[in-house]
Amino acid sequence: MAQVTYIDSDDKSYVVDVDNGTNLMQGALDNMVPGILGDCGGFCACATCHVFVEPEWAEKAGAVSETEEDLLDGVEELKPTSRLCCQIIASDELDGIVVRLPESQL
Ligand code: FES
């Protein structure tokens, strides 16, 4: 299990437990975290699950696929640690991960 902290653009934190194997988009939806829509159901096709991974967690969050990279090219507020959180899978290694939500998604 990974404890995940989602921080919105107003600095409000949502700390939730996400089961191993569940992606962070689903973890947000299951716990009513606002600002993550997940319109495509986690198939890396909509970019409504954009987050900024805190830099110290960026490497552990895993590699960015070509498809994810293409979608990220179209998001507002693109940053070096931008990710689509449906592509980040919870695991014990990610216990404590912190992601921030872009203002444009609120
Ligand atoms: Fe659609 Fe992540 S939920 S790209």
task = Scan the stretch 72-106 for residues that are open to solvent by 40 Å² or more (accessible area, probe 1.4 Å) and under 16 Å from Gly42 (Cβ atoms) and jot them down.
result = Gln87, Ile89
query = Which condition breaks for Gly41 when tested against (1) touching a Leu at 6+ places or on another chain (Cβ under 8 Å); (2) within 14 Å of the ligand (Cβ to nearest atom); (3) in a loop (DSSP other than H, G, I, E, B)?
reply = (1)
ask   = Quick one: which of Val33, Val16 is assigned to a loop (DSSP other than H, G, I, E, B), surrounded by 14 or more Cβ atoms within 10 Å (Cβ to Cβ), more than 9 Å from the ligand (Cβ to nearest atom) and modelled with pLDDT of 95 or more?
value = Val33
task = From Ile97, Ile7, Ile88, grab the single residue that is away from the ligand (no atom under 14 Å from the Cβ), touching a helix residue (DSSP H, G or I) at 6+ places or on another chain (Cβ under 8 Å) and β-branched (Val, Ile, Thr).
result = Ile97
request  = Kindly provide the set of residues from the stretch 19-30 that are away from the ligand (no atom under 14 Å from the Cβ) and open to solvent by less than 70 Å² (accessible area, probe 1.4 Å), ordered by number.
outcome  = Gly21
query = Of all residues in the stretch 19-30, how many are part of a loop (DSSP other than H, G, I, E, B) and of a type in the set (Asp, Glu)?
reply = 1
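The values are calculated or read from the model by the stated rules, or taken from the named source; none is laboratory data. Being a predicted model, the structure only gives us computed values, none of them experimental. When we count neighbours, we look across all protein chains shown, and the Cβ atoms used for this are built from the backbone with ideal geometry, even at glycine. Please note that ligands, DNA and RNA were not included when accessible areas were found on the heavy atoms of the full protein model with its side chains. Shrake-Rupley method; radii C 1.70, N 1.55, O 1.52, S 1.80 Å.
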